[in-house]
Amino acid sequence: MRSTSIIFIFMFLYSCTANTDRSTNINSENLNLAQHGMVSSADSLASQVGVDILKKGGNAFDAAVAVHFALAVVYPMAGNIGGGGFAVYRTKGGETGSLDFREKAPLAANRNMYLDTAMQAIDGLSTKGHLSVGVPGSVDGMIRLHEKLGSMPFADLMVPAIFLAREGFPLNNREAEYLNLYREKFLELNDSTIPFINHTPWQAGDTIKIPALAGTLGRILQYGRNGFYSGPTAHYMLEEIKKGLGIMAQEDLDMYKSKWRDPVEGTYRGHKIISMPPPSSGGVALLQLLKGSEAYDFKAMGHNSVAAIHTMTELERRVYADRATFLGDPDFYPVPVEKLLDAAYISERNSTILPDRKTNSQDIKEGHVDIIESTETTHFSIVDKEGNAIAVTTTLNSLYGSKVFVEKGGFFLNNEMDDFSIKPGLPNQFGLIGGEANAIEPEKRMLSSMSPTIVEKDGELLMVLGSPGGSTIITTVYQVILNVIDYEMGMQAALDAKRTHHQWQPDKIFYETDCLDSLSIESLKNLGHVLEIESKLGRVHAILVREDGMLEGGADLRGDGAAIGY
Ligand code: GLY
């Protein structure tokens, strides 16, 4: 029987049970409890795909593969096959690990590729278009994840995504709004025939079908890695890359390999924290923040009190300054992880924190930045009935990545090259500064802030979490952990709580709408802080194992995702 017929049979069987209703199942008390398994992702259709896999007997890792491919269809602003990401897992037996499927710089990349002859950065070159594309890692990553930890046939995990791409999925309000907002940007780089461009403005409820993506996913189902990194899909990608100033070549696709890495691990008030090591800065920075936090009684200070925000800000200021200097791809630069996580180093670093006065970021380390742009990335968390757990954060970098759409393949390509330090001291789109550790080199992975994280208590699984938000990912994950451990909140409450963010440069506290009253704002100003309102910080998808053994799913109300359990 021809393999395309096999895909149709799978699709037919799947279509008998498929549900493309996007309503969420958060109950009236806003608590989402389940006994057996839970999936929390940025899209209810993707969460449902994951839960269906768990119900069919798949484990958390099978569900992760299915959710990742489903998000690549129904959440095109960040879900992807043309991007990359990181996964942190913990098996039911307590074994932990992490998978790095971050994009890499193409072989033809060089450190000055975004600078003009006067060594000035050329506006927009690293953030949009064909030259901003890093070699995608997601497909290789999902295949390796399945090979090592999956239990169901790979084809069963691909069929839901193929079905959604072929039969279509309804847009929600936010997606319709963003597609309308980005229409002109899409048209700058693509033909008007791509499926995300409509003649009239998109409305919530409109259906989008992406048959070309169904074809690509079908090739991945049939040929595995080769269905993406060689053959027609690779040809379509490179054909597109050649239309612009792109440098990615077949050799880059052939050479791409995701990597298993030992996670970074540490403790916080007796809990074990397991997070992503470099080339993400997320795990190291998170552990530095938590270790530094142990010296303070946040509960006594009060949640989002002036004292708590001042203290978190001062800790964050120092950690982000370290990030700018020391963090990069460990395969290219000797990242001093041990030193950065050394208790004496952290305590010495924080010894200059004063309770009644802010420190000046210029005195911590030089730098100069002035903007933070919004960003997209997406995170999902899964726990299965055996207690296997996985946290996956994946991204195209900006919303819809480089905006370059591989029309014959049906997917966007990332603009992850902007996460390199394109010129020492020059901020990237998140206002983050970098130096030598994160300079561009062929085959190198760009530094990330993604922080998929797992927390254990007394040797048992406690929490799985992560967030999108570029530079704000780390402080978002940090605050959710404080909310659960220090402030004893449940999962949804810990996500609902308002957040602040500081990243050393710019020297400003960003705070969410309604986070601070005017008195608190005045008090923080009196300590010397500059404040700026930000509508939303982070969008966490997380799961908590409660004391009664129930799983509490958290889906951040800042987005339209859903935690679905059974
Ligand atoms: N592209 C955002 C990050 O990796 O941190």
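Key figures
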quantity: Highest to lowest packing among 415-427, 204-216, 42-54, 264-276, scored as the average C-beta count within 10 Å; calculated: 42-54, 415-427, 264-276, 204-216
quantity: Note, ³J(HN,Hα) from phi for the stretch 309-320, Karplus 6.51, -1.76, 1.60, rounded to Hz, x at Gly and Pro; calculated: 5, 4, 5, 4, 4, 5, 5, 5, 3, 6, 5, 5
quantity: Unsatisfied cross-links (Cα-Cα over 26 Å) in the set 272/299; 185/242; 55/92; 92/457; 92/272; 56/408; calculated: 56/408
quantity: HN-Hα J in Hz across the stretch 508-523 - Karplus 6.51, -1.76, 1.60, θ = phi - 60°, x for Gly and Pro; calculated: 9, 8, 8, 9, 6, 3, 6, 7, 10, 8, 5, 5, 5, 4, 4, 5
quantity: Cα-based reach from residue 209 at 16 Å (exclusive), listing aspartates and glutamates while leaving out same-chain residues under 8 positions away; calculated: 21, 167, 175, 407
quantity: Once the Cα gyration tensor of the stretch 300-411 is diagonalised, semi-axes √(5λ) in Å; calculated: 33, 21, 19
quantity: Cα-based reach from residue 525 at 16 Å (exclusive), listing lysines while leaving out same-chain residues under 8 positions away; calculated: 358, 508
quantity: Computed magnitude of the charge dipole of the stretch 452-566 (debye, nearest 20; Cβ of K, R +1, Cβ of D, E -1); calculated: 380
quantity: Alpha carbon centroid spacing (whole Å) that separates the stretch 113-127 from the stretch 182-240; calculated: 29
quantity: Cross-link reach list, aspartates and glutamates versus residue 444, counting only Cα pairs under 16 Å and skipping chain neighbours closer than eight places; calculated: 100, 103, 251, 252, 254, 329, 331, 416, 418, 419, 436
quantity: In sequence order, calculated HN-Hα J values of the stretch 539-552 (Karplus, 6.51, -1.76, 1.60; Hz; x Gly/Pro); calculated: 8, 8, 10, 8, 9, 10, 8, 6, 4, 7, x, 6, 8, 9
quantity: Cα-based Rg / Dmax (Å) for the stretch 35-192; calculated: 18.5, 61
quantity: Given charges at Cβ of Lys, Arg, Asp, Glu: the stretch 80-218 dipole, positive-most of 163, 117, 138; calculated: 138
quantity: Value of D in µm² per second that Stokes-Einstein yields for the stretch 110-169, Kirkwood Rh from Cα pairs, at 20 °C (1.002 mPa s); calculated: 140
quantity: Tail weight of P(r) past 15 Å, computed on alpha-carbon pairs of the stretch 190-231, percent; calculated: 56
quantity: Calculated over the chain: convex hull of Cα atoms, volume per residue (Å³); calculated: 138
quantity: Potential lengthening between residue 526 and residue 230 on full extension [0.36 nm per residue; Cα-Cα distance subtracted]; calculated: 100.6 nm
quantity: Sites residue 172 and residue 92, calculated FRET efficiency, Cβ-Cβ separation with R0 51 Å, nearest 0.05; calculated: 0.90
quantity: Positive-end residue of 256, 402, 273, charge dipole of the chain with Cβ unit charges; calculated: 256
quantity: Net lengthening on full extension, residue 517/residue 151 (0.36 nm per residue, minus Cα-Cα); calculated: 126.7 nm
quantity: Debye, to nearest 20: dipole size of the chain, +1 on Lys, Arg Cβ, -1 on Asp, Glu Cβ; calculated: 840
quantity: Gain on full stretching of the segment that runs from residue 363 to residue 117 - 0.36 nm per residue minus C-alpha separation; calculated: 85.3 nm
quantity: Pairwise label distance in nanometres, residue 408 with residue 297, each label 7 Å out on the Cα-Cβ vector; calculated: 6.8
quantity: For the stretch 459-566: span of alpha carbons on each principal axis (Å, largest first); calculated: 47, 25, 24
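Where a number appears in this text, it was derived from the coordinates with a stated rule and is not lab data. Predicted model only: the values in this text are computed from it and were never measured. Because the Cβ atoms are built from the backbone with ideal geometry, glycine has one as well, and the counts that use them run over all protein chains shown.
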